[in-house]
1. Largest first and in whole Å, give the semi-axes of the stretch 2-184's equivalent ellipsoid, each being the square root of 5 times a Cα gyration tensor eigenvalue.
2. Among rounded, prolate and oblate, which fits the stretch 124-259 when a ≥ b ≥ c are the square roots of the eigenvalues of its C-alpha gyration tensor, a/c under 1.5 means rounded, and a/b larger than b/c means prolate?
3. Using only Cα atoms and rounding to the nearest 10 degrees, what angle (0 to 90) does helix 119-134 make with the longest principal axis of the chain?
4. If you average the sequence gap of Cα pairs under 8 Å that are 6 or more apart and divide by the length of the stretch 191-326, what percent do you get for the contact order?
5. For the chain, find the longest principal axis of its Cα atoms and tell me its angle to the long axis of helix 202-215, 0 to 90°, nearest 10.
6. Can you pull the one-decimal nm distance between simple spin-label points at residue 58 and residue 231, each 7 Å off the Cα toward Cβ?
7. Expressed as a fraction of 2.2 N^0.38 Å, the rule-of-thumb size for a compact globular protein of N residues, what is the C-alpha radius of gyration of the stretch 191-326?
8. Of the candidates 136, 114, 158, which one comes out as most mobile in a Gaussian network treatment of the chain with C-alpha springs shorter than 10 Å?
Ligand code: MEV
């Protein structure tokens, strides 16, 4: 058996606009998906996921992932999650040149599905890593990221950027612009996450932004303005820690840019009432800035606050189901066993 884990992420800046070639800065957090894979002596794939949905699920099928039956797999998010696992299986079979390999796969995740914390990227990255290693092939993190991007892109019908998968594979704070992906140095940020218990459909939200952008020139300008926010934000994050910069002022300015970024995402129609309430609760509690993270529609917000105030305020905010402080995950995908 091979066990690998990969982290989830929050976006400091740039989701959605990154799909159109603008830069984005996601940041890996210490909430991980763990995938255990045992190679079988037939071509069956058996997937057990006890915490990807409320009741968990098990599904087994023979041969090609295209032949997987829908039976026993609840519709909606879990079906979507199975799409990512299927795509990871195909990528591992291809990487190891073992088209008929069968696997027993167990998925465990601390990252809620479809909530903007990169659950699908983390499951895909950890799944490809564990399955390829189990077949005797070890890929560098960048190659896992590339394969996970193709897997995610197939599930999202070509509408995906490399941001989520690259960040989960290499860890830390990263900067992604088109095919140019790299780690960046970022200061230790006091990240707080609020979760409304819900989820958004990434494919639908991305298509919604595309439709708006095609209809109105000013929506296309909005996407470009998000790119400008990212370019300003990354200069702030990257500034020399030895230089004479007031750290508190720097974090406050990053927060201002996050507020600006949230406003533009809201105007693109990807926020929701509960995301907006959590954003406002964080701001009113004194957070330096707050925005939705990921595709939106429901799920999580990210705020910056070194004090306990935002955490406490979010826990009392109607519509917020869970709030937690998120540590930066410096490790990306890693083998556990
Ligand atoms: C989803 O986590 C982030 C989006 O920008 C889509 C993508 O980059 O693939 C909305």
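1. Working: eigenvalues 131, 60, 41 Å².
Result for the stretch 2-184: semi-axes of 26, 17, 14 Å.
2. Oblate.
3. Taking the Cα atoms of the chain, the angle to 119-134 is about 40 degrees.
4. Numbers: 214 pairs, mean separation 55.2, N = 136.
Over the stretch 191-326, the number comes to 41 percent.
5. Tilt of helix 202-215: around 50 degrees.
6. Between residue 58 and residue 231, the simple spin-label model gives 5.5 nm.
7. Working: Rg = 15.5 Å, N = 136, 2.2 N^0.38 = 14.2 Å.
Dividing the Cα Rg of the stretch 191-326 by 2.2 N^0.38 Å gives 1.09.
8. Greatest mean-square fluctuation among the candidates belongs to 136.
Only the coordinates and a few stated rules stand behind these numbers; no lab work does. For clarity, every value in this text was computed on a predicted model and none was experimentally measured. As a convention, Cβ positions derive from the backbone with ideal geometry for all residues, glycine included, and neighbour counts pool all protein chains shown.
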